[in-house]
Amino acid sequence: MELSFLDYSLIFGFFAVTLTIGIVVSRSSGKNTTEYFLSGRSMPWWLLGFSMVATTFSTDTPNLVTDIVRTNGVSGNWAWWAFLLTGLSTVFIYAKLWRKSNVLTDMEFYELRYGGKPAKFLRGFRSIYLGLFFNIITLAAVNLAAIKIGGIMLGLSPIQTVLIGGVITVIFSAIGGFKGVVYTDFILFFVAMAGAVGAAYYLVNIPEVGGITKLITNENVVGKLSILPDFSDTEALISILIIPLAVQWWSSWYPGSEPGGGGYIAQRMLAAKNENHAIASTFFFNIMHYGVRPWPWIMVALASLVVFPDVASIHAAFPGIEESKLGHDLAYSAMLTKLPSGLLGLVLASLGAAYMSTISTQLNWGSSYIVNDFYKQTVKKDASEKELVNVGRISTVLLMVASAVMALLLTNAKQLFDILLMFGAGTGLVYILRWFWWRINAWSEISVMFAAAITSLVLTLSPLGNALFGYKELDGTVVEGVFPSWATLPSIVLITTVIWLIVTFVTKPEKKEVLYSFYQKTQPGGPGWKKIIDQARAEDVNIVDQREKWTVPSGILAMVLGCILVYCCMFATGNWIYGNYPLAIGLTIAIIISGVLLAVVWRKMKSDIL
């Protein structure tokens, strides 16, 4: 595929602007670790909100959505749509708590909530476990998507792709720090959205597809359109909809959708001016991430079923692609090769924007763990701020190299989604309850982390797991187990929950001084802290701020109304596109009603936050 002068101008102009921003803010970002990782805690909600949306707008996301749509239809996206419940619980319940904690990273939280050697171990181990292991997997997914895009659209080899994309991004990330990431995210969002929407509109209307009317009546597409799974197919209904909504959203840790908040979402909440800005930024992110943004990707995925009905047709059109990289996720890149000059340059720039936004965020976030929670705590406690910033820059480079190497060994984005989901299964309840139940201690988290990893490996990769829940042969043949395959996740959650509850009750609770200090700083409230509050009062220790009202009941109501609002946005957008106008109008009315009710609840909550 040949690029025109206009295409090259758009691409190189975009990269030039991005690098310029990184260079301009590098002086202030390098002052200290607070500036480098949190931009001085002075960010407004709208800037952080756009940054969250841009960060999750990665090159691997449209590939993942395409893989899901082509394999399981539009309804298959409930595997990640269900995490809206996690996101809105963070918005209306946990955002203000994270901001009140005033920690530099969410790993620092461990020594605020817990005490002694277990807390130090947890902080150090988790910083490496997440900052290196999970982070490298996530970065590898983004690099893998870039490899596929580069291979199909530009004819680049995998090594050439990661070298070109990686070098530019790592230079920008290392010198600009968090401020450079957030500022450029604002630009990246608009470039990425323009590219995604423009590509979807053009590709749906190419002669091979024939427009929206012909698309939704095409025999390859008609069975994939439904937003909800087929209710007559019990197994599909349970695995695609019921399990994600009933179990997955609160029980599984996943980057960007952590129960109780965490990761790079927590990093942005901690960088906000105050609690209200933290809440507003995360709410804006969830509306855009779930309610609006998926549809351009979905439409391209549906159109790809007309042009490339199977993997063999993709391979026939692009014989130069390595066998190990073939998969349904390639269809997105394959469709983009049909774009005209100008729009092609914009889309490639948008994919570069998506790539740089996600990579730079992950690098800065992972580096913050390595510097603040590992190096400073276990390697050199008296390190100067300048030294810590330099370690952050070095770790940024090393993370990029490691993820690029891993990307060369992987096949598709769904692989990595399943790996991350598997290792986080069963841990979510601890992260939700640790704010509101005094009895959870450091050993609760240590046990749930190891129990989830071990149980997941045993039940998914071992002969025992294969016998219990079945497996797929290399040729795709499904071998049935004793239990249906959808029972795997609930089983992992049940076993893991039993283990961490037993460990919690057989180990000593945290010292009262630690619990008093945590409550006094964050004011979580609720019946789960009654024993500690009563004990403090008996000792004439004041840990309760009488001005602070418990907002969790209002937060849960706001979460429910928010879910109705965002899911109606999602359904309404889809039905407007499909031409189902009566239903689309009804859903739009539901959006307005739920929005008004949410505004009333939010106004009350806002007045209750100090």
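The values are calculated or read from the model by the stated rules, or taken from the named source; none is laboratory data. In this text the structure is predicted, and so the values were computed from the model without any measurement. Heads up, the Cβs are rebuilt from the backbone with ideal geometry, glycines too, and the neighbour counts pull from every protein chain shown.
Key figures
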| read-out | value |
| --- | --- |
| Top-ranked residue of the stretch 554-608 - restricted to ones that are without any contact (Cβ under 8 Å) to a residue 40 or more places away in the chain and among the small types (Gly, Ala, Ser), ranked as nearest to Ile298 (Cα to Cα) | Ala572 |
| Breaking point among (1) within 19 Å of Thr66 (Cβ to Cβ); (2) modelled with pLDDT of 80 or more; (3) surrounded by fewer than 24 Cβ atoms within 10 Å (Cβ to Cβ), for Phe374 | (1) |
| Test for Leu228: is it surrounded by fewer than 24 Cβ atoms within 10 Å (Cβ to Cβ), part of a helix (DSSP H, G or I) and not polar (S, T, N, Q) | no |
| Tally of residues being crowded, with 18+ Cβ neighbours inside 10 Å and basic (Lys, Arg) across the stretch 273-324 | 1 |
| Check on Leu245, out of contact with any His (no Cβ under 8 Å at 6 or more places or on another chain), at pLDDT 85 or above and in the same structural domain as Leu85 (by TED's automatic domain parsing) | yes |
| Answer residue from the stretch 325-344, given it is in contact with a Phe, Trp or Tyr (Cβ under 7 Å, 6 or more places away or on another chain) and more than 19 Å from Thr61 (Cα to Cα) and is surrounded by the fewest Cβ atoms within 10 Å (Cβ to Cβ) among those | Leu343 |
| In the stretch 517-553, residue farthest from Ala95 (Cα to Cα) [restricted to those that are polar (S, T, N, Q) and touching a residue at least 60 places away in the same chain (Cβ under 8 Å)] | Ser517 |
| Selected residue [more than 29 Å from Ile314 (Cβ to Cβ) and part of a helix (DSSP H, G or I)] from Val162, Val142, Val181, Val197 | Val181 |
| Total residues in the stretch 553-588, condition of a type in the set (A, V, I, L, M) and under 30 Å from Lys214 (Cβ atoms) | 7 |
| Residue match in the stretch 407-426 (condition: among the polar types (S, T, N, Q), at pLDDT 85 or above and either crowded, with 24+ Cβ neighbours inside 10 Å or under 21 Å from the mean Cα position of the chain (by Cα) (or both)) | no |
| Count - residues of the stretch 184-220 that are in contact (Cβ under 8 Å) with a residue 40 or more places away in the chain, more than 11 Å from Ala303 (Cα to Cα) and either surrounded by fewer than 22 Cβ atoms within 10 Å (Cβ to Cβ) or in contact with a Gly (Cβ under 6 Å, 6 or more places away or on another chain) (or both) | 7 |
| Inter-residue pairs, beta-carbon under 7 Å, first over 17 Å from Arg123 (Cβ atoms) and in the stretch 259-270, second at pLDDT below 70, 6+ apart | Tyr264/Gly256; Ile265/Gly256 |
| Test: residue in the stretch 66-73 that is among the aliphatic types (A, V, I, L, M), within 17 Å of Leu225 (Cα to Cα) and buried (at least 24 other Cβ atoms within 10 Å of the Cβ) | yes |
| Out of Ile321, Ile359, sole residue that is in contact (Cβ under 8 Å) with a residue 24 or more places away in the chain and touching a Gly at 6+ places or on another chain (Cβ under 7 Å) | Ile321 |
| Members of the stretch 250-271 found to be surrounded by fewer than 22 Cβ atoms within 10 Å (Cβ to Cβ) and at pLDDT 75 or above, listed by number | Trp250 |
| Residues (of a type in the set (Asp, Glu) and more than 22 Å from the chain's Cα centre (by Cα)) located in the stretch 429-469 | none |
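Listed here are the residues, each with its yes/no results for (1) free of Cβ contacts under 8 Å to residues at least 40 places away in the same chain; (2) within 17 Å of the chain's Cα centre (by Cα).
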| position | (1), (2) |
| --- | --- |
| Ser89 | no, yes |
| Ser101 | no, no |
| Gly115 | no, no |
| Phe121 | no, no |
| Phe133 | yes, yes |
| Gly155 | no, no |
